[in-house]
Amino acid sequence: MAATAELEAAIKLNEKALADLDPKHVKIFQYDRSKITPGIAHIGVGNFHRAHQARYMDDCLAIPGNESWGIVGISLGDRESSKAKAKAMQDQDCLYTLTEYDPKGKPSTRVIGSIIQYLHAPEDPEATMKALVDPAIRIVSMTITEGGYHLDSEGNFQADAESVQYDLKNPKHPKDTFGYLVEALARRRQAGTKPFTIFSCDNQRGNGDVAKKAVLSFAKLRDKELASWIEENVSFPNSMVDRIAPTVTDEDIKSVAERTGIEDQTPVLAETFSQWVIKDEFCNGRPPFEKLGAQFTKNVAPYEHMKGRMLNASHTAIALTGVTAGYEYVDEALDDPAIYKLVYDFMTKDVMPVIEGPDGTSLSDYRDLVLQRFSNPALKDQLVRIAGDSANKLPTFLLPTINEHTEDEDTNSRDLRRMAFILACFRRYLRGLNDKGHKFSPIEPHLSKEEIAEWGSENTEGFLNCRILASLNLADNEAFVKAFNHAVTLLKTHGVLEALTYL
Ligand code: CS2
């Protein structure tokens, strides 16, 4: 990153520098960090974790009596970028700034102190295992992305994945999440230490159930008796997490320096909105989440339903149409009346009639809040980030809605235009050329080059039968094929934005 006047004048963030920061420009936690001890180990310390859970825990540590809930961050990534991130965090004594933008785009920055140690496992495997075995650690939480759980589309554990095989052959020196978790639990069991709760915080339906499936499947392959002990003694709460945390750029680092006088190598950004709905199933104690703005519920599913089918599906729809139209940011795309109408109508006419939200929640209020959040002018949430991995997102967020409208005999009377249009945009997006004539590379880590080329081709039947869509039998559904072909013709003739006006 190029040095700039703002950065040169700014104070490098670390423990010692805290006293020199200007409280007029930055909020600093009021607890004595030297008294904080570890209680949670978190695997996968990405921007989302640092903007969400670590922020809740920063508030937690400020409540007297909760000093034993500090976070030990663990990165299992073996890429150079993971190493660099670990170094940046360690150089800053694990401190970083979180800048929250209100709906009008007004920023406010705070320093987060809840991560008290940061371990880069590939460089320090012993310390990582030691941390997980430490009786003080009562929760191991994680954000490892959907792919990190090694479950295939039917929910079966992919035992032949390379990293799973490695960990099964090297149980004492694992590299991947489940190898670490299961070995740590085995050692705790042997030592007579209580197990920890395994707390998935990934944006995935039934995230606790998914984590349980992965941990038990891995454990069974290692040692059946250990697997039964884990099943009986470890809890895996489901939770729903929600907060938009966009990609951080060098420009953001500069603007934090300009506004606050702090040089932070690794800041995070977020909207002011934040939600965390948790099932209260912790086998070894927990922080007082209910005092931190999180919410307990007996059934997380309706919250996940509402979020996934409305927020995430609309996000993907904005991203696929927006990227293809040549826009860069979510707010910019949504400001286009054609895209706004598509998304508004999609939520109102396609999704809301077929889902049930949590008791006492108004889906139309939720829709309006989502649109307001997406319109935040300061977040600069990149459309390519949201469009990325659409091959994984569509089956979770959009396809269940399409299924509701196409699975019964009523299909012919349903309005399938918007759903077909979004899928047609996905196909167009895979071609990597926007309507302004600029090339871009779709980020689809779960698609092979051949799949990208085949699915993006003109072969409609092939596309509707591709592996993520096949189970819906759309190619045999006359009404859907008609709506899809209509969308394709409009897109070919007019490009995305004008096509939407004829839809
Ligand atoms: C986004 C999510 O990447 C995506 O598809 O929709 O990351 C979204 O920002 C979060 O789920 C918000 O909680």
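Every number here is computed from the coordinates shown, using simple stated rules; none is lab data. Remember, it's a predicted structure, so these values are computed and weren't measured experimentally. A quick note on method: Cβ atoms are made from the backbone with ideal geometry, for glycine too, and the neighbour counts reach across all protein chains shown.
Worth pointing out:
- With the simple spin-label model, which puts each label point 7 Å out from Cα in the Cβ direction, the Gln90 to Lys436 separation comes to 4.2 nm.
- Cα-based convex hull, segment 92-243, per residue volume (Å³, whole number): 136 Å³
- Shape box of segment 301-500 [Cα atoms, principal axes, largest first, Å]: 46, 45, 31
- Contour excess over end-to-end distance, with Cα ends at His446 and Glu154 and 0.36 nm allotted per residue: 103.6 nm
- Counting all C-alpha pairs of segment 5-296, share separated by more than 28 Å (%): 36 percent
- Euclidean distance of C-alpha centroids, segment 261-295 and segment 1-46, integer Å: 18 Å
- Given their separation in residues at 0.36 nm each and the Cα-Cα distance between them, Tyr344 and Ser364 gain 6.2 nm when the chain is fully extended.
- Loop-located GluC sites (Glu not before Pro) in segment 298-357 whose Cβ has at most 14 other Cβ within 10 Å (DSSP): Glu328, Glu356
- Placing unit charges on the Cβ atoms only, positive for Lys and Arg and negative for Asp and Glu, gives the chain a dipole magnitude near 820 debye about its Cα centre.
- Approximate spin-label separation Lys291-Ser471, in nm, with each point projected 7 Å along Cα-to-Cβ: 4.3 nm
- You can think of it this way: the chain between Asn299 and Thr4 has 101.2 nm of extra reach, that is 0.36 nm per residue less the Cα-Cα gap.
- Judged by the mean number of other Cβ atoms found within 10 Å, the most tightly packed of the peptides 260-268, 157-165 leads the ranking 260-268, 157-165.
- Where labels lie 7 Å past Cα in the beta-carbon direction, separation of Ala19 and Lys175 in nm: 4.5 nm
- Over the chain, DSSP H runs of length four or greater, each weighted -39,500 (n - 2.57), average out per residue to a 222 nm ellipticity of -12500 deg cm²/dmol.
- For the chain, relative contact order (Cα pairs under 8 Å, six or more residues apart, normalised by length) works out to 14 percent.
- Reduced Cα scattering model of segment 225-269, Debye log10 I(q)/I(0), q = 0.14, 0.23 Å⁻¹: -0.56, -0.82
- Peptides 13-24, 220-231, 270-281 ranked from most to least packed give 270-281, 220-231, 13-24, packing being the mean of other C-beta atoms within 10 angstrom over each peptide's residues.
- For segment 435-479 versus segment 323-354, the gap between their alpha-carbon centres in whole angstrom: 21 Å
- Note: relative contact order over segment 5-296, using C-alpha pairs below 8 Å and six or more positions apart, is 24 percent.
- Order by protection proxy (mean Cβ within 10 Å, highest first), peptides 127-136, 401-410: 127-136, 401-410
- Each part reduced to its alpha carbon centroid, segment 74-103 and segment 406-420 end up 46 Å apart.
- When the alpha-carbon atoms of the chain are used, the pair Rg, Dmax equals 23.4, 69 angstrom.
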